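In what follows, a structure is listed as structure tokens, so that the remarks can point back to it.
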Amino acid sequence: MIQVEGLSKKYARHVAVNNISFTVDKGDIVGFLGPNGAGKTTTMRILTCFLPPTEGKATVAGFDVFEQPLEVKKRIGYLPETPPLYPEMSVRDYLTFVANIKNLPSADVKRRTEEVMERCSVADVRDRLISKLSKGYRQRVGLAQAIIHNPDVLILDEPTSGLDPKQILETRELIHNLAGEHTIILSTHILPEVEAVCQKVIIINKGRVVATDSVDRLRHRTGEGAVQVQIDTDGAADKLAVHQRLEQVPGVSKVLEATGAAAEKNLIFEVDSLPGRSARADIARAVVQSGWNLLELKSLTYSLEEVFLELTGSQPQAPEEVASVESAK
Amino acid sequence: MRNTWTICRRELYSYFVSPIAWVLLAIFAVLSGAFTYLIGQSFVRAGFESQLSGQSMPMNVNEQVIAPLLSNIAVIGLFLIPLISMRLLAEEKRQGTIELLVTSPVHELEIILGKWLSAVLMYAALIAVFFLDISFFFFYGNPDIKPVLTGILGILLQGACLLALGTFVSSLTRNQIVAGAIGFALALLLWILSWTTSFGNSDTVQFLNYLSIVSHLDSFTRGVIDSKDVIYYCSMIFLGLFLTARSLESLRWRA
């Protein structure tokens, strides 16, 4: 659905996007992940034909963004970082205007406007002025604006920024419901969001793609199967005995003693399993059967956060890219 | 064409839902009313004096009232036009709504034409108020309608051309005040160029006078549609809109 090949955007003094390539298949929800200023917004603006690329090629639904912008624009719904709203208009009038400007047939405008207002739960404020709406409502009107012409591709630039937790959940739910009919790219610098909503992640840093993978695989890249065991010392548990017992549990490959403040009071071990096995159930049984007090048994699966830091932290930094961090917006 | 009209309608909506349109209409109603009253009164007084003195002086409503009135209204227009055009694109850029327009399946030209057209219609609404004022002369006198109509056409053309330049100025900045100030300076400059005629009649002076926006209105107020003047106005409109298109395009390259 979306193909990007060797795309670059260079400004006079810095490079905002540097030779990135990726593809997005029909129906995917893709998270575009990166720290502030990584080039997310610039890439999205190129895809929506707002900015022309300096080099490279991008096609949306088979149409080149530079050669056939009108065809691309017909097929894209775009929610910029700040929703493009006219504060002096009422929600209904605004959406009617957008429906018209997106070339919806006149006969469908009214029906479709009502539909998206219901869908994005802004129907109850349809006659209010946008200037009087709260941030959450504005964001949802922005989303309604993006889907009003039923585009094949939805491009959402930080759709949940500035919302309160409840609104964030609602927005994610909404995006989730939109999947299937639309191919969605959403940018964010919030990792749990990607975990909650997306199937695929494109991690971008300083204008380059650092990783492209499915959310699950990315998470599994590091530390699947590692478990942290915490045991109460009151239960007459001897450090050495526990260590040995844990090593005998089937499926365990390595046992490490943890250090730190918490380890002073209780015994804490990090236990690695053999590849493809999880020894958690066996560990729990072994500890309990030995008569020790098991306080905690938690999976040490790395969060995307750690994966992300690992991937972006080790990037070599060319001098020209230092400036790009701030001005990619 | 439908897109142009959609954008134009939305723009008019914004004018009339915000105080801008009403403030402008109020200011214009007061000023044009005052001018109509003052000029009309001096004409009536001149009429009395000519009767008292016993000599019958040639009195003509068209030449002595309506023509100067039209020129005055055109000058009021110079002051109000930057207020109409300053928000057109500057406000879109400030609010970020320009991103909506540019990423919609709409040609840039349609956006610009829609914007400009709405400003011209807004200005026409002001002139409609003036038309009410002037219609009183038709109740109490018998002026020739033709110079009135051509005069109003001239005022509208002059306004349309200043609004095109104003649209361009508005596309340069995201600050309405800056757009308003530059637009006002431009209007003023094009007005005072006509004052150069007091410095003789050299080629330079004639050239500057041709560039001046008010010197082209005279023939219209006299009931004459001169192709030279129409061409001037049309080419200025084209220049303004062309520059706007270039400026919008460069915005995308510079971003």
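The values are calculated or read from the model by the stated rules, or taken from the named source; none is laboratory data. These numbers come from a predicted model, not from an experiment. Don't worry about glycine lacking a Cβ; one is built from the backbone with ideal geometry, like all the others, and counts go over all protein chains shown.
Overview of values
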quantity: Boolean, A:Asp152 is modelled with pLDDT of 90 or more and within 13 Å of the chain's Cα centre (by Cα); calculated: no
quantity: Within segment B:33-49, considering residues that are surrounded by 13 or more Cβ atoms within 10 Å (Cβ to Cβ) and either within 14 Å of chain A (Cβ to nearest Cβ) or of a type in the set (Ser, Thr, Tyr) (or both), the one farthest from B:Pro105 (Cα to Cα); calculated: B:Ser42
quantity: Residue list for segment A:56-97, filter: in contact with a Leu (Cβ under 9 Å, 6 or more places away or on another chain), more than 9 Å from chain B (Cβ to nearest Cβ) and of a type in the set (Val, Ile, Thr); calculated: A:Val60, A:Val65, A:Val91
quantity: Any hit, segment A:34-52, residues being assigned by TED's automatic domain parsing to the domain that holds A:Ile185, surrounded by fewer than 21 Cβ atoms within 10 Å (Cβ to Cβ), farther than 19 Å from A:Thr160 by Cα and touching a residue at least 60 places away in the same chain (Cβ under 8 Å); calculated: no
quantity: Residue within segment A:26-48 that is part of a strand (DSSP E or B) and within 14 Å of another protein chain (Cβ to nearest Cβ) present; calculated: no
quantity: Condition met for B:Gly40 (in a helix (DSSP H, G or I), closer than 19 Å to B:Thr221 by Cα, at pLDDT 90 or above and of a type outside the set (A, V, I, L, M)); calculated: no
quantity: Where a residue in segment B:87-114 is facing chain A (nearest Cβ under 7 Å) and in contact (Cβ under 8 Å) with a residue 60 or more places away in the chain and its partner, wherever it lies, is surrounded by fewer than 23 Cβ atoms within 10 Å (Cβ to Cβ) and of a type in the set (Lys, Arg), with Cβ under 8 Å and at least six apart; calculated: B:Val102/B:Arg252
quantity: Top-ranked residue of segment B:12-32 - restricted to ones that are of a type in the set (S, T, N, Q) and within 12 Å of chain A (Cβ to nearest Cβ), ranked as surrounded by the fewest Cβ atoms within 10 Å (Cβ to Cβ); calculated: B:Ser18
quantity: Residue check, A:Leu7 touching a residue at least 40 places away in the same chain (Cβ under 8 Å) and surrounded by 24 or more Cβ atoms within 10 Å (Cβ to Cβ); calculated: yes
quantity: Test set (1) exposed (fewer than 15 other Cβ atoms within 10 Å of the Cβ); (2) at pLDDT 90 or above; (3) within 27 Å of B:Gln64 (Cα to Cα) - B:Thr197 fails condition number; calculated: (2)
quantity: The one condition in (1) more than 21 Å from the chain's Cα centre (by Cα); (2) of a type in the set (A, V, I, L, M); (3) away from every other protein chain (no Cβ under 14 Å) that B:Met1 fails to fulfil; calculated: (3)
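Residue-wise test of (1) among the charged types (D, E, K, R); (2) over 12 Å from the mean Cα position of the chain (by Cα); (3) under 23 Å from B:Leu88 (Cβ atoms).
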site	(1), (2), (3)
B:Phe131	no, yes, no
B:Lys146	yes, yes, no
B:Thr150	no, yes, no
B:Leu156	no, no, yes
B:Ala179	no, yes, yes
B:Asp203	yes, yes, no
B:Tyr210	no, yes, no
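Conditions tested, residue by residue: (1) in contact with a helix residue (DSSP H, G or I) (Cβ under 6 Å, 6 or more places away or on another chain); (2) crowded, with 20+ Cβ neighbours inside 10 Å; (3) at pLDDT below 90.
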| site | (1), (2), (3) |
| --- | --- |
| A:Lys135 | no, no, yes |
| A:Gln145 | yes, yes, no |
| A:Gly162 | yes, no, yes |
| A:Lys166 | no, no, yes |
| A:Ile175 | yes, yes, yes |
| A:Thr183 | no, yes, no |
| A:Val194 | no, yes, yes |
| A:His220 | no, no, yes |
